[in-house]
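Enquirer: Encoded as structure tokens, here's the structure I'll be asking about.
Just so it is clear, none of the values below were taken in a lab; they were calculated from the coordinates. Bear in mind that the values here come from a model prediction, so they are computed numbers and not experimental data. Heads up, the Cβs are rebuilt from the backbone with ideal geometry, glycines too, and the neighbour counts pull from every protein chain shown.
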Amino acid sequence: MSGDVIVTITLNAALHVSYAVGSLSQDGVNPVSRPAYLAGGRGVAAARVLHAFGHDVLAAGLVGGAAGELIRADLAKSGVPTAFTQIRGESRRVHTFGGPDGRTLRFGEPGPYITTEELGRFAADYRKLLAGAAAVVLSGSLPDGLPLDMYGTLVTYAAEAGVPVVLDAGGQELLHAAAHRPDLVVADARRVGGDFDLGAALIRLGAGAAVVVGEHLVHVITADGDWTACIEAPGADATSLTARGALTAGLVPGQLLGWFWPDRLKHALALAAAGGAAELEGSDEVDLAAYEQLLEAVAVKASA
């Protein structure tokens, strides 16, 4: 692995299993199509988007069982290299049923339990990957068995190896990790009640910069200033702010190359909106033509 590879870590990867449903009846068995399988999880989504934009990327983390094999196979089909650590438990599956009336129902399984032995093997694999990484992206929820400070430990390992970290997490694991000084954190303010200033709190804890996703806009706090950004195009903002994998992927190049923050936000929001609808459906498609058009629709303002 060369030193310009972006490593994405997904500790709770998912296999998206999608069915098309015919006519519905409460009597008997409702027929469905053969399943379609797609690898998922925010880190996996970030790897797909980075790969689609021509970046050298390596998707790693934890997978297990038949679902884990299908996750590897789907990423290989998409051309995304993988280096997952094998676990004994079955990776979680997200089942999607698309009905004839246009409605979609999704059902998610719990993640696997990670043993101490599996955690040790992953930690060793992760430190080897850092030796050739240009950056590491840590994304998503933690499966059972992992400590709340798991991301904090991974941030520390990366710092020791001189590798910048982009962290996309939530809950207590985010607050623990921020104290270990990740270069950039991506957080969802919609999961925090009241007037709690999440971005400022993350900076006080130790994050180098904080990108906070709100209901209709993104707010970034950095040492160089604060900005807010939104997409001024019908329907685009809601999609982009939900597709966190694509949004996080869009922030990585600017973090590595030191782009001016307004340019980073334009790239990230346009990329997220261009690939957002596909990500929500578990696809790996990025509409590059739409991305070019949406760049002009991203409005960025410096905070007063």
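Enquirer: Taking the options Val94, Val63, name whichever one is among the β-branched types (Val, Ile, Thr) and either farther than 25 Å from Tyr19 by Cβ or surrounded by 23 or more Cβ atoms within 10 Å (Cβ to Cβ) (or both).
Expert: Only one candidate passes the filter, namely Val63.
Enquirer: Picking from Leu70, Leu58, Leu24, which residue would you name as being within 14 Å of the chain's Cα centre (by Cα), of a type in the set (A, V, I, L, M, F, W, C) and surrounded by fewer than 24 Cβ atoms within 10 Å (Cβ to Cβ)?
Expert: Result of the check over Leu70, Leu58, Leu24: Leu58.
Enquirer: Out of (1) under 26 Å from Glu292 (Cα atoms); (2) free of Cβ contacts under 8 Å to residues at least 40 places away in the same chain, what's the single condition that is false for Val49?
Expert: (2)
Enquirer: May I ask you to list pairs of residues, at least six apart or on different chains, whose Cβ atoms are under 9 Å apart, with the first in the range 158-170 being more than 28 Å from Gly214 (Cα to Cα) and the second being buried (at least 16 other Cβ atoms within 10 Å of the Cβ) and of a type in the set (Gly, Ala, Ser)?
Expert: Correct list of pairs: Ala158/Ala133; Ala158/Ala135; Ala161/Ala133; Val163/Ala133; Val163/Ala134; Val163/Ala135.
Enquirer: Being in a strand (DSSP E or B) and within 21 Å of Leu138 (Cβ to Cβ) is true for just one of Leu58, Leu105. Which residue is that?
Expert: Among Leu58, Leu105, only Leu58 is in a strand (DSSP E or B) and within 21 Å of Leu138 (Cβ to Cβ).
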